[in-house]
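Down below is the structure, laid out as structure tokens.
The values are calculated or read from the model by the stated rules, or taken from the named source; none is laboratory data. Remember, predicted model here, so these are calculated numbers, not experimental data. Virtual Cβ from ideal backbone geometry, glycine too; neighbours counted across all protein chains shown. Side chains are part of the model used for accessible areas, which takes the heavy atoms of the whole protein and leaves out ligands, DNA and RNA. Shrake-Rupley method; radii C 1.70, N 1.55, O 1.52, S 1.80 Å.
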Protein chains: 2
Amino acid sequence: MSRARTDIEAVEEANTALYEAVERGDLETLGGLWLDAEVSVVHPGWPVLTGRGEVMRSYALIMANTEYIQFFLTNVEISVIGDTAVVSCTENILSGGQAEEDGDLGPLVGGLVVATNVFRRVEDGSWKLWSHHGSPVLVEGEDDDGSEELGA
Amino acid sequence: MSRARTDIEAVEEANTALYEAVERGDLETLGGLWLDAEVSVVHPGWPVLTGRGEVMRSYALIMANTEYIQFFLTNVEISVIGDTAVVSCTENILSGGQAEEDGDLGPLVGGLVVATNVFRRVEDGSWKLWSHHGSPVLVEGEDDDGSEELGA
């Protein structure tokens, strides 16, 4: 927790911590990364879940049904205004869920996901998650076409 | 612009204005609803687009390829902390796009979309969009199962 960190670095660290907690299946650490306020989450293909109870329950469900999961984050873009940060990133996911007959978690595992994560700086200076929204990339990305108009 | 509005009411109005501008195909009004800062957008099934240029270009493309579109917003949840607001909502969309042979806009039109919209209060007191992330609902919503654990 270096004091020399910029806001951008601190937010990137908080963003990484989110994915590492999911990778480790560490629900307790994950809970500490979220605000106590009205939080919300959208997992890829899921409806919106609001409130800490629903958010944590959804992660517990995901962890319980995921044998392993690993995130390779690319295109991490961080915008900080005051005590709020909006992070967009691409989650390149390697994962394997338990064989589920009900198929509930089918759309969640594997493939390419884009995420928007909103963080809020709290009193102790740390950045806590306010909202996570992940969604599957269904259409061909224009960046795959080498189009020049897609800037950074 | 009543002075008696609460923050929640003002944010809801800004959120509604976003969808009305898209319904009308009014790109100029839409542009005025977004921050001048580093904005980002994820349309359903699309990769992340960052920066005002890319965001506006994406809406111009959507408008050019959409004959009509109408949003019925449900489950609008608004969380305000300081000068930032996170809005989650369900977009029940009635739309018709132009027949496209390349199919670029296929995943965009129709169906059920969940959105997370981040707003920032600017100097004149109005709320401007910082980020919009919309994604298709692919799995059966738990709220359709009548499960009691899904709170408001």
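Before moving on, here are some points about what is shown:
- Label distances, nm, A:Gly53 versus same residue in remaining copies, Cβ-directed 7 Å point: 4.8
- Chain A contacts chain B over a buried accessible area of about 3600 Å², both sides summed; the probe is 1.4 Å and only protein chains count.
- Nearest residue to the symmetry axis between A and B, taken on chain A by its Cβ, in whole Å: A:Ser135, 2
- Using a 7 Å projection from Cα along Cα-to-Cβ, the label point at A:Leu94 is separated from the same position in the remaining copies by 4.8 nm, smallest value first.
- 3J(HN,Hα) along the range A:89-95: 7, 9, 9, 8, 9, 10, 8 Hz, from the Karplus curve 6.51 cos²θ - 1.76 cosθ + 1.60 with θ = phi - 60°, whole Hz, x for Gly and Pro.
- For the peptide B:76-86, the mean number of other protein chain Cβ atoms found within 10 angstrom of a residue's Cβ is 5.
- Applied to the range B:36-52, the Karplus parametrisation 6.51 cos²θ - 1.76 cosθ + 1.60 on θ = phi - 60° returns per-residue 3J(HN,Hα) values of 7, 7, 6, 9, 8, 9, 10, 7, x, x, 8, x, 6, 10, 10, x, 4 Hz, with x for Gly and Pro.
- Per-copy distances of the B:Thr29 label point, shortest first, in nm (7 angstrom along Cα→Cβ): 4.8
- 3J(HN,Hα) couplings calculated from phi for the range A:7-19 with the Karplus curve 6.51 cos²θ - 1.76 cosθ + 1.60 (θ = phi - 60°) are, in sequence order, 4, 4, 5, 5, 5, 4, 5, 5, 5, 4, 4, 4, 6 Hz; Gly and Pro show x.
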